[in-house]
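For reference, the structure is listed below as structure tokens.
The values are calculated or read from the model by the stated rules, or taken from the named source; none is laboratory data. The model shown is predicted, which means the values in this text are computed figures rather than measured ones. Here the Cβ positions follow ideal geometry from the backbone for every residue, glycine too, while neighbour counts run over all protein chains shown. The accessibility values were calculated without ligands, DNA or RNA, using every heavy atom of the protein model including side chains. Shrake-Rupley method; radii C 1.70, N 1.55, O 1.52, S 1.80 Å.
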Amino acid sequence: MEHLECCARFLRGTLVRAAVRRYLPWALAASMLAGSLLKELSPLPESYLSNKRNVLNVYFVKLAWAWTFCLLLPFIALTNYHLTGKAGLVLRRLSTLLVGTAIWYVCTALFSNIEHYTGSCYQSPALQGVRKEHQSKKQCHGEGGFWHGFDISGHSFLLTFCALMIVEEMAVLHEVKTDRSHCLHTAITTLVVALGFLTFIWVWMFLCTAVYFHDLSQKLFGTLFGLLGWYGTYGFWYLKPFSPGLPPQSSSLNLKQDSYKE
């Protein structure tokens, strides 16, 4: 338990800072550009992380929204109820996960449609010999072909959005004070550590995507959609009265609670 406490303290001292929420979007955008330039001008040698079948990609990144959803749900519920004691406010805050799910679904569906309508089926990875009889990616792959279209980076989008959402929700820890002997303290501490490590995985795999996969334009659009999803919610809509609202935090706790009232 002591090691868990140490990890939680470290994560509180890093991810919960206002400076992290302020500068992380810029850091992600800059690292995407830098990594993409490195990929184009001086590609890194092949490694375990450049293999799409690596453990982090298969079991974490491909399920990024599921991991984020499942850990944020109890975290938001416990911390917000501990601070407000009102089930209605907690349910309103939990609706951020429904909003996030909608953003994830709409964006991934949009990316898939863009790749479909801009793509063609080829006989080889070198994009030789167009197979005009195959008009969909699924049909193309089923017949041994290679589909090529404008493939907006879903990894860049989702990892950006998930990392920023976790950091925004963890800001509530500025207000959360619990007794170490209480079971709630153990539950919140465990969730803080899990969410913290998940955030580091998302950022690390975002960097791997930048230096190993996709073209610059595909990663640029993916990252842009992730940033727009974050800013459109936490930077704009959640500031309005009729919204899920921001996490209770800082000295304006009471003011923010008022904005959540039905």
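Considering only residues that are closer than 22 Å to T108 by Cα and either in contact with a helix residue (DSSP H, G or I) (Cβ under 9 Å, 6 or more places away or on another chain) or of a type in the set (F, W, Y) (or both), look in segment 63-82 and name the one that is surrounded by the fewest Cβ atoms within 10 Å (Cβ to Cβ).
Among those that are closer than 22 Å to T108 by Cα and either in contact with a helix residue (DSSP H, G or I) (Cβ under 9 Å, 6 or more places away or on another chain) or of a type in the set (F, W, Y) (or both), it is L73.
Take Y260 and tell me if it is open to solvent by less than 60 Å² (accessible area, probe 1.4 Å), modelled with pLDDT of 95 or more and more than 30 Å from R53 (Cβ to Cβ).
no
For segment 181-197, name all the residues that are touching a Ser or Thr at 6+ places or on another chain (Cβ under 7 Å) and open to solvent by 10 Å² or more (accessible area, probe 1.4 Å).
Of everything in segment 181-197, those that are touching a Ser or Thr at 6+ places or on another chain (Cβ under 7 Å) and open to solvent by 10 Å² or more (accessible area, probe 1.4 Å) turn out to be L184, H185.
Looking at (1) free of Cβ contacts under 8 Å to residues at least 40 places away in the same chain; (2) in a helix (DSSP H, G or I), find the lone condition where A64 falls short.
(1)
If you check A18, A8, A27, which single one turns out to be touching a residue at least 40 places away in the same chain (Cβ under 8 Å) and open to solvent by 30 Å² or more (accessible area, probe 1.4 Å)?
Selected residue: A18, the only one of A18, A8, A27 that is touching a residue at least 40 places away in the same chain (Cβ under 8 Å) and open to solvent by 30 Å² or more (accessible area, probe 1.4 Å).
So A77 ticks every box in (1) under 26 Å from F221 (Cα atoms); (2) hydrophobic (A, V, I, L, M, F, W, C); (3) more than 18 Å from the chain's Cα centre (by Cα); (4) modelled with pLDDT of 95 or more but one. Which box is left unticked?
(1)
Just to verify a result, which residue in segment 36-45, among those that are out of contact with any Ser or Thr (no Cβ under 8 Å at 6 or more places or on another chain) and either closer than 24 Å to L220 by Cβ or assigned to a helix (DSSP H, G or I) (or both), is least open to solvent (accessible area, probe 1.4 Å)?
Of everything passing the filter in segment 36-45, S36 is least open to solvent (accessible area, probe 1.4 Å).
Checking the condition of a type in the set (A, V, I, L, M), over 28 Å from L89 (Cβ atoms), part of a helix (DSSP H, G or I) and at pLDDT 95 or above, which residue from L198, L224, L228 passes?
Testing whether each residue is of a type in the set (A, V, I, L, M), over 28 Å from L89 (Cβ atoms), part of a helix (DSSP H, G or I) and at pLDDT 95 or above leaves just L224.
Within segment 142-152, is there a residue that is touching a residue at least 24 places away in the same chain (Cβ under 8 Å) and either within 30 Å of R22 (Cα to Cα) or exposed (fewer than 12 other Cβ atoms within 10 Å of the Cβ) (or both)?
Within segment 142-152, one or more residues are touching a residue at least 24 places away in the same chain (Cβ under 8 Å) and either within 30 Å of R22 (Cα to Cα) or exposed (fewer than 12 other Cβ atoms within 10 Å of the Cβ) (or both).
What are the residues in segment 42-65 that are over 17 Å from A194 (Cβ atoms) and small (G, A, S), if any?
S42, S47, S50
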